[in-house]
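K.L.:
The structure follows.
The values are calculated or read from the model by the stated rules, or taken from the named source; none is laboratory data. All of these numbers come straight from a predicted model, not from anything done at the bench. So basically every Cβ, Gly included, is an ideal-geometry build from the backbone, and we count neighbours across all protein chains shown. Heavy atoms of the whole protein, side chains included, go into the accessibility calculation; ligands, DNA and RNA do not. Shrake-Rupley method; radii C 1.70, N 1.55, O 1.52, S 1.80 Å.
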Amino acid sequence: MKRARVFALFRLLCKIGVLFAVAFAVVIMVVPKPHLLDETSFSPCFVDRNGRLLRLGLAEDDRYRVYMPLEKISPQLVEMTLLHEDRYFHKHAGFNPVALVRAAFFDWRARGPRLGASTITMQLARLHYHLNTRTVSGKLLQIMAAVHIECHCSKHDILEAYLNLAPYGRNIEGVGAASLIYFGKEPADLSPVEAMTLAVIPQSPTRRSPGTPAREQALLKARGVLLAQWLGRHPRDERLRGVLAMPLQMKLPHDLPFRAPHLVGETMLREAAPRAETRLALDLSLQDLAERQLAQYLAARQADGFKNACVLLIDYQTMEIRAAVGSADFRRADIQGQVDGLRAQRSPGSALKPFIYALALDEGLIQPNTLLKDAPASFDGYDPENFDHNFAGPIRARDALIQSRNVPAVDLESRLNPGRDLYTLLRDAGIRGLQPASNYGLTIALGSAEVSPEEIGTLYAMLANRGVLRPLRRTLDEPSAAGAPLLSPEASYLTLDMLKNATRPDAVNDPLITGEVRPVAWKTGTSFSYRDAWCAGVFDHYVLVVWIGNFDGEVNPDFVGRTAAAPLFFSIVDALRAREPVPEQTCFTFTPDLNLRRVDLCAVSGMIAGPNCPHTIKGWFIPGKSPIAACNVHRRVWIDNRTGLRLSGEPDDSSTAHAEVCEFWPSDLARLFQSAGVPRVAPPALVFEETQAAPVAKHDEAGGPHIVSPEKGLTYHVSLEAGNDDVLDLEATAETSRGHLHWFIDAAYLGVSEPSTPLLWKLQPGRHVIRAVDDLGRADSRPITVTVVE
């Protein structure tokens, strides 16, 4: 009876062999060469610049699958997998006949558990072709497919494909995904225990994947069996002697990191390169620092209604984004946390003022110590006010920028050439969503054009890069662009040099901070109606942008740049500097290629110091561009000892007079000093001879009146309707020593006014010449055209 069974089995095997040989020949001739992984979709995988996992997405079939070349897989894991799954992998041609016969015999006898006979190549065939191998025909097809793969592919490619497709429980396929999910590391970095744990899962992924006590017990048992096999082959491997006592320490898919979600957005997920991990320029340790500082700050300011913020950190030397926090909490719906605040455009307030000053430096309108007027002014019906509703009077350009005075910024913007103004700069910088320039007018100087934190960061990086605009780099694979020069290196350097003199808000009572030697060039901004608070700046080799506000535009009177955003800005600066060394060279370092000169300037007028200037300071200017001249404010004059009046020249008898240095200010500036509470001492009046007109002293020859209204090049319009009285303010500046200005329209005398005090003139159609003459006969004239409108 037994012989008959054996003979029947032998005949069956012979028939199967013949059929297999015929079918195999057909397969070899007809079926094309397999492309093992070409049609396999892989998960988008994002890591930081140091290889730490940020986010792992799902493949197109909703599985975690990370492509991993065989060379990047731990050799121990490969050897353990072969030992556990297919120890004769390198010797067979796709299937193991001995194992197949043994498995068939045991299945036929139905004794004990079923024995596995599938080689790694057969398992790959099943995974690649999605075969049902539970039937005899399915098993035969699997064998033929395995042999077909062996005929066309190398052992290296077969093993690599298997390790990228093998099941590791749940929806995890491939050793790359399994290693990242279960142990948080790449396969090359697995320890021997971790490698052994992964090696036993594919044989029974449903029963051995971690997650429940029963499955973990089965996993430990299988690992123990493999350990015995391993020690039988490597008896001296002491590292694994105590593995049986080691508990499982494995993570699950829900433990996967979800870091920098705004930076790793849906667009980046869709555009991720297949098979390759995307290595971002972001530094996870700096991301942790920014998120931690932001969370602590918002918790401390919770009572003030601070609920949301954004932080962007850029390495301006490489333009790489090192930290990006798009909202306080991505998962909080009450603050619309999934909105990417780093790309959302908001009103920047005064955060764009540095670029007006940089343009003015380039246009030759100012140098850092030029005196500007911070006084009530009207610009074609636009009457800007300062944040504190006060005016500082005459103020140096650097102080006007640091103190964020609105009127000087608007005045400079109004004087810039149309092709070199702030709007043009923003347009050339690629700011999204700009409306026509006419929609903004001069309000653009105070933040009417909306920009995003990323765009603000790019603009400040342009200053750090000596005026060259370069795009941000989110990944290390992005090429470093040469950029486009939008500002001169000199204007960029001087703008940062001005900004670095701003006192940080926490330095009032901290002398250590006040004496800090590592510069920070920073500027704040507060949007209209207190919806946004900004602080942006440059330090070391970074650009940092901080935004405080609400994505729904909710108003909060505490959203003021200096008190809301600046404290968080400096807490991040301090935390970052505490962990990094002092850089040898930064954008604040002066280099010989800069066309700048440092000279002695008058501390009062800001002009080149003369022999009569009592106090001097050091200051920069751009040769051939900056408005620089010798100081004519401080002049040495002779004062009559008896009358106290000023003489027109040096007296013949020096005992009757003495020399003094007096300040000669234009009348408009003198009035501004007076209104600001810092009046300047006017020089004594000039002596008049009884029989002569007022003499002109040598030091007075260049101090004549200057007409400021009407402006040059304007045409005025008048209506002839009954009852219409169109008038024009005639105004001129003069030195404080001049008491009166006499006004003439053509040859007709109009009237008299004091310097910087307007005189009204009723407009008359035609072409006219307006003249202002002071008491010394010095004059200034201005042609004017008045046309009639219907």
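K.L.:
State the answer as a single residue: which of 553, 445, 581 lies farthest towards the positive end of the charge dipole of the stretch 432-583, with beta carbon charges of +1 for Lys and Arg and -1 for Asp and Glu, about the Cα centre.
P.N.:
Working it through, the farthest residue towards the positive pole turns out to be 581.
K.L.:
Of all DSSP beta bridges in the chain, what percent run antiparallel (nearest 5)?
P.N.:
Rounded to the nearest five, the antiparallel share is 85 percent.
K.L.:
Trypsin sites (Lys or Arg not before Pro) within the stretch 589-657: which are DSSP loop residues with at most 15 other Cβ atoms inside 10 Å? Don't jump to the answer; show the numbers that get you there.
P.N.:
Details: sites: 597, 598, 618, 625, 635, 636, 642, 646; in loops: 625, 642.
Passing both the DSSP loop test and the Cβ count: 642.
K.L.:
If you project the alpha carbons of the stretch 553-613 onto the principal axes, what extent comes out on each, in Å, largest first?
P.N.:
Largest first, the stretch 553-613 extends 55, 36, 20 Å along its Cα principal axes.
K.L.:
Could you work out [θ]222 nm for the chain from helices alone, using -39500 (n - 2.57) per DSSP H run of at least four and dividing by all its residues? Round to the nearest 500 deg cm²/dmol.
P.N.:
Numbers: 21 runs with 238 residues, N = 790.
After summing the helix terms and dividing by residue count, I get -9000 deg cm²/dmol.
K.L.:
Per the 1.4 Å probe, what fraction of the accessible area of the chain, in percent, lies on carbon and sulfur atoms? Intermediate results must be reported in sequence, preceding the final value.
P.N.:
Details: 20020 of 37430 Å².
Percent of accessible area from carbon and sulfur atoms in the chain: 53.
K.L.:
Next up: Taking the chain as the reference, fit the longest principal axis to its C-alpha atoms, fit the long axis of helix 120-129 to the helix C-alpha atoms, and give the angle between the two in degrees, 0 to 90, nearest 10.
P.N.:
60
K.L.:
Also, quick follow-up: Give the accessible surface of the chain per residue, rounded to a whole number of Å², with probe radius 1.4 Å and ligands, DNA and RNA excluded.
P.N.:
Solvent-accessible surface per residue comes out at 47 Å².
K.L.:
Going toward the positive end of the dipole of the chain, with +1 on Lys and Arg Cβ and -1 on Asp and Glu Cβ, which of 169, 345, 683 do you reach last?
P.N.:
Projecting each Cα onto the dipole axis, the largest value belongs to 169.
K.L.:
Next question. Hey, what did the chain get for relative contact order, percent, Cα under 8 Å, at least 6 apart?
P.N.:
9 percent.
K.L.:
A follow-up question, please. Using the reciprocal of the averaged 1/r over all distinct C-alpha pairs, how large is the Kirkwood radius of the stretch 277-430 in Å?
P.N.:
About 18.6 Å for the stretch 277-430.
K.L.:
Here's a follow-up. Cβ neighbours within 10 Å, averaged per peptide: list 756-764, 192-200 in order, most packed at the top. Each step should come with its number before you reach the end.
P.N.:
On the way: 756-764: 15.6, 192-200: 22.4.
In descending order of packing, they fall as 192-200, 756-764.
K.L.:
Which of the listed residues, 75, 43, 631, is farthest toward the dipole's positive end in the chain, when Lys, Arg count +1 and Asp, Glu count -1 at the beta-carbon?
P.N.:
Positive-most Cα among the choices belongs to 75.
K.L.:
Mind putting together the pair-distance distribution for the chain? All Cα pairs, 20 Å bins, whole percent per bin, short to long.
P.N.:
For the chain, the binned pair fractions read 13, 31, 24, 16, 10, 6, 1, 0 percent.
K.L.:
Taking Cα atoms, how many degrees apart are the long axis of helix 406-415 and the longest axis of the chain, rounded to 10 and kept between 0 and 90?
P.N.:
The two axes meet at around 80 degrees.
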